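Bear in mind that the values in this text are calculations on the coordinates, not laboratory data. Here the structure is a predicted model, which is why all the values come from computation and not from measurement. Here the Cβ positions follow ideal geometry from the backbone for every residue, glycine too, while neighbour counts run over all protein chains shown.
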Amino acid sequence: MEKVSYKEIGLVNTREMFKKAMEGQYAIPAYNFNNMEQLQAIVMGCVESRSPFILQVSSGARKYANQTLLRFLAMGAVAMIKDANSPVKFALHLDHGDTFELCKSCIDSGFSSVMIDGSHHSYEENVRLTKQVVEYARDYDVTVEGELGVLAGIEDEVSAEKSTYTKPEEVEDFVSKTGVDSLAISIGTSHGAMKFKPEQCTRDERGVLVPPPLRFDILEEIEKRIPGFPIVLHGASSVIPEYVQIINSNGGKLKDAVGIPEDQLRRAARSAVCKVNIDSDGRLAMTAMIRKVFNESPAEFDPRKYLGPAREELKKMIIRKNKEVLGSADRA
Ligand code: G3H
Ligand code: 13P
Ligand code: ZN
């Protein structure tokens, strides 16, 4: 595939975004996408709320959407934002890159930021691999996210049965040896819609499952050791109960779905956490609306009639998160 720089496409890397987020005590939302409706919802939601954002693509999403088409989708998003006379800027980011070759391929095809997730390797191998990606990315002014500590759940193709919290005593060494621009940490979040087992949770007065709190003590210890360094929170969906309820009352079966409470995310966004990753909540928003249309209008078969409401709901969710949870609205 022909090489292209993200600068030609009109994208930005995450450096300036994170600097402003750190100073302003908010976090940049990183929304995953796989298809046109998700992309439209993210772009329109962030333009309407005037929020900078990170458009995030996993290796699975890249395969699904087609890597060549993806570049043009990003170019289309830039053009859409320009046509709306909006000042909003965004980065195109590889989520959970697992090899040097994948990161290189994304950098060569117009990504402005990549994650190299070496968290499942030994510490030494994580340092070596991350450093290799940073050295390549530097020549193209592409920013790199590394990870220390393992989240419970599924990390793309890497399965992590149990979480291992980030060890604060490793972060200084990791950041200085690798030269990464941001660091994903493990403090109790996890991927997917079933983040905690019911036995790990308590129940509030209405019987709703309340998960164990995030380990803010670990985050604070990390902040002390690398002051002002951008931290990333993966697995940060709240698994919005309203969507789970709509899904389950329209034929779905999402048992024991529980996510990270929004007040904890608000607290994280005010700290050194500069990037918050959200995928599952977007999936739930779309699925809720699609199930509702299918259940209420079984004769419907025009994709616009179910993808349209799904896109609208995702956009609404994004605007609300940017305004009420991340604090990124009106920061464009
Ligand atoms: O952390 C993983 C993201 O939610 C992407 O998931 O690999 O199913 O695209 P995916
Ligand atoms: P959620 O599954 O909580 O949305 O996390 C997404 C994520 O971390 C993508 O990298
Ligand atoms: Zn993740």
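A few comments on the model shown:
- Simple rule: put +1 on each Lys or Arg Cβ and -1 on each Asp or Glu Cβ in the stretch 172-305, find the dipole, and look at Val180, Phe216, Leu254; the Cα lying farthest toward the positive end is Leu254.
- Rounded to 5, percent antiparallel among DSSP beta bridges of the chain: 15 percent
- By average C-beta atoms within 10 angstrom, highest first, the peptides 4-12, 195-203, 142-150, 177-185: 142-150, 177-185, 4-12, 195-203
- Straight-distance candidates among the aspartates and glutamates for linking to Lys323, with alpha-carbon spacing under 15 Å and chain neighbours fewer than 8 residues away dropped: Glu48, Glu262, Asp263.
- Orientation-averaged projected area, Cα convex hull of the stretch 216-332 (nm²): 8.5 nm²
- Each Lys and Arg adds +1 at its Cβ and each Asp and Glu adds -1 at its Cβ; summed about the Cα centre, the chain shows a dipole of about 820 debye.
- Taking packing as the residue-averaged number of other Cβ atoms within 10 angstrom, the listed peptides 284-291, 89-96, 261-268 run from highest to lowest as 89-96, 284-291, 261-268.
- A convex hull fitted to the Cα coordinates of the chain yields 128 cubic angstrom per residue.
- Percent RCO, i.e. relative contact order, over the chain, from Cα pairs under 8 Å lying at least 6 residues apart: 22 percent
- Lysine pair count for the stretch 1-118 (Cα-Cα distance under 21 Å; residues 8 or more apart in sequence or on different chains): 10.
- DSSP beta bridge pairing in the stretch 25-177, given as percent antiparallel to the nearest 5: 20 percent
- Counted residue by residue at 0.36 nm each, then reduced by the alpha carbon distance between them, the extension gain from Tyr165 to Arg50 reaches 38.0 nm.
- Under a 5 Å amide H cut-off, with hydrogens placed 1.01 Å from N, Lys89 pairs with Phe53 among residues at least 5 apart or on other chains.
- When peptides 14-24, 40-50, 231-241 are sorted by average Cβ neighbour count within 10 Å, with the highest value leading, the order is 231-241, 40-50, 14-24.
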